[in-house]
Amino acid sequence: MKFDVTSLYNRRAVNRAERISVGDVMERVTWSFPNKEALIGWKGAYADEENKRVTYKQGDEKANQFAHALLERGLKRGDRVLFYCANSIEYTLAQLGTIKAGLVVVPVNVMIAPDLLSYIIKSTEPKFLVVDAELYPRGEKIFKENGLETGVSIPIGGEAIEGSESFSEFISGKSKNEPEVEIHGDDIFQIMFTAGTTSLPKGVMHSHIYLYFCAIGWALSHARGVPTEIDYKHGVFYPSFHIAGQMMTHSCLMVGGTAVITRGPDPQDIVEAISEEKITTIFGNPVHLSQVCDIVLENPGKYDVSSVKVLGEGFVSLKLDYMRKYKEVFGEDLLVIGGDGQTECVTDVRAWYHMFNEKFEKNSLKYNYFGVPHPFYATTAMDENGNICPPGVTGEKVMRSPCMMAGYYNDERATREAFKFGWFHGGDAVMYDEDGLLIMVDRYKDIIKSGGENVSSARVEAVLKTHPKVEDAAVIGLPHEQWQEAVTACVITKPNEKVTEKELIEYCRERL
């Protein structure tokens, strides 16, 4: 071991005894609760029965084996490993093993267009590919065109891809001990691509420090209502190739809790998983969460969902009828949190509805509240000249935090632009009210220019969604000869409901 006991700055942790590594999160808990379940796979979210329920000790050993298998293939520190997978226990363990080996995870959205998949491969030049058997056909042509052969297949929905090994075959016989690899907290362990609206996707560089702070911050907000942090049990219903899905999983592993992983956000699976596994925290899209509530309400006495203490909503305008439904199903003591963030930094603001309930209810049609910054973040509104905006003045949401990306991979120009004036610019148009609550005005890119006026698409959507016959709505600007852009709504009605264009226009005219 090397020790530097004279330098007081520009230091780097070189010893495993003091390092920050995402790959260590399971190993740490083996010294307190080695046999506690760390990962539970719901139906369809595991390939082998032995991986359905994995303890901290078992998970750490399997991740170590995966790391050794990669290093024996000749991969070296900093090499990229591309993951083309949906949620599963094996996927989670394989990623942890990749990180333990000092390699870089590149998780890909499996719904991405073929040309963008090819772009990501060319951008990151991965040396190894991990795929789900059932998803491989979607990317097969692009993988072959780029000369990327499958190293490991997770045999869910099919057998291992020809020429590859299954997860279990790949780790079989490998050492269960931690690999000897130098890892530093500011090393990049992951490049996660975020979709661009006017350009190609950008590779967001995540350091070990980034994930530690983000995941612990998530746990601080969501691990509530339980006796100790190890009783925290989060349902992971959304993809782990997105940052929110990773926060759900890693927030549990950081504090010794349990992540219950489903293959996807199916409302019936969510209800059954909550009832059987006694999940304490759920997070998701409000429409899905409302559907979960409907299943419980339509089957009185069939499901026990009383274990849920915290419900997190991905940022949308608050729907009061949803809030009432959540409380009816999960209990009046339920803590409901609205959260916002992005791949570059998550989650920087939270809407604590219970703290400002009267204000939220009174102004739910008028404003979309982001809430207040998380304690780990400095978040404010900034004008185009780098000045902090006073209350009531719209500016761009900017952030500073250790929960921050290191930059966009191989794109210094975009990185410099994102961090102008020393703050990260998130692209949201926001303002503070007189009480210090952050209000979402719109995305700068989503403002509709109509007749010389800036129209907030999010505001129009929020009003449409309050109509008793409307399930969901999206508002866009379409080219118009007179108005430049016409404010246009795409509306989904609730089941068995019908509504006319005239009705909706009149409804909006009364409220906008």
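The values are calculated or read from the model by the stated rules, or taken from the named source; none is laboratory data. Since the structure is predicted, the reported quantities are computational estimates derived from the model, not experimental observations. We place every Cβ from the backbone using ideal geometry, glycine too, and count neighbours over all the protein chains shown. Ligands, DNA and RNA are excluded from the accessible area calculation, which covers all protein heavy atoms including side chains. Shrake-Rupley method; radii C 1.70, N 1.55, O 1.52, S 1.80 Å.
Observations, loosely collected:
- Legend: Rg and Dmax of the stretch 65-145, from Cα coordinates, 12.3, 34 Å.
- Cα gyration tensor shape for the stretch 347-418, rounded if a/c is under 1.5, else prolate or oblate: prolate
- Among the trypsin sites (Lys or Arg not before Pro) in the stretch 186-263, those located in a DSSP loop and surrounded by at most 16 other Cβ atoms within 10 Å of their own Cβ are Arg224.
- Annotation: Cα Rg of the stretch 1-153 relative to the compact-globule expectation 2.2 N^0.38 Å equals 1.18.
- Cross-link partners of Lys465 among lysines, defined as those whose alpha carbon lies under 20 angstrom from its own and excluding same-chain residues fewer than eight positions apart: Lys319, Lys325, Lys327, Lys359, Lys362, Lys366, Lys494, Lys498, Lys502.
- About its Cα centre, the dipole of the chain is roughly 700 debye, where the only charges are +1 on Lys and Arg Cβ and -1 on Asp and Glu Cβ.
- Label zone (Arg511, point 7 Å along Cα-to-C-beta; backbone nitrogen cut-off 14 Å) within the stretch 279-317: 317.
- Cα-only Debye scattering, the stretch 296-343: base-10 log of I(q)/I(0) at q = 0.19 Å⁻¹: -0.67
- A compact globular protein would have a Cα radius of gyration near 2.2 N^0.38 Å; the ratio found for the chain is 1.00.
- Which of Tyr56, Tyr84, Leu148, positive extreme of dipole for the stretch 22-152 (C-beta unit charges): Tyr56
- Options Ala378, Ser168, Tyr507, ranked by Cα towards positive dipole end of the chain, top entry (Cβ charges): Ala378
- Probing with 1.4 Å while keeping every protein chain in the model, the per residue accessible area of the stretch 1-66 equals 58 Å².
- Accessible surface ranking that places the most exposed of Thr500, Thr98 first, with a 1.4 angstrom probe: Thr500, Thr98
- For the chain, share of DSSP beta bridges that run antiparallel, in % to the nearest 5: 60
- More than 19 angstrom apart: percent of Cα pairs within the stretch 46-97: 28
- A protection proxy built from the mean count of other Cβ atoms within 10 Å ranks the segments 207-220, 240-253, most packed first, as 240-253, 207-220.
- Mean Cβ count within 10 Å, highest first, over the residues of peptides 74-83, 365-374: 365-374, 74-83
- On the principal axes of its alpha-carbon atoms, the stretch 362-512 has extents of 49, 37, 30 Å, going from largest to smallest.
- Most tightly packed first, judged by the mean number of other beta-carbon atoms within 10 Å of their residues, the peptides 135-142, 90-97 read 90-97, 135-142.
- Test item: Cα-centred dipole of the stretch 64-200, Lys/Arg +1 and Asp/Glu -1 on Cβ, debye: 180
- Remark: the Ile476-Glu180 segment gains 101.2 nm on full extension, using 0.36 nm per residue and subtracting the alpha carbon distance.
- Helix 89-100 vs. the chain, principal-axis angle (Cα, 0 to 90°, nearest 10): 70
- Principal-axis analysis of the Cα atoms of the chain puts helix 208-222 at an angle of about 50° to the longest axis.
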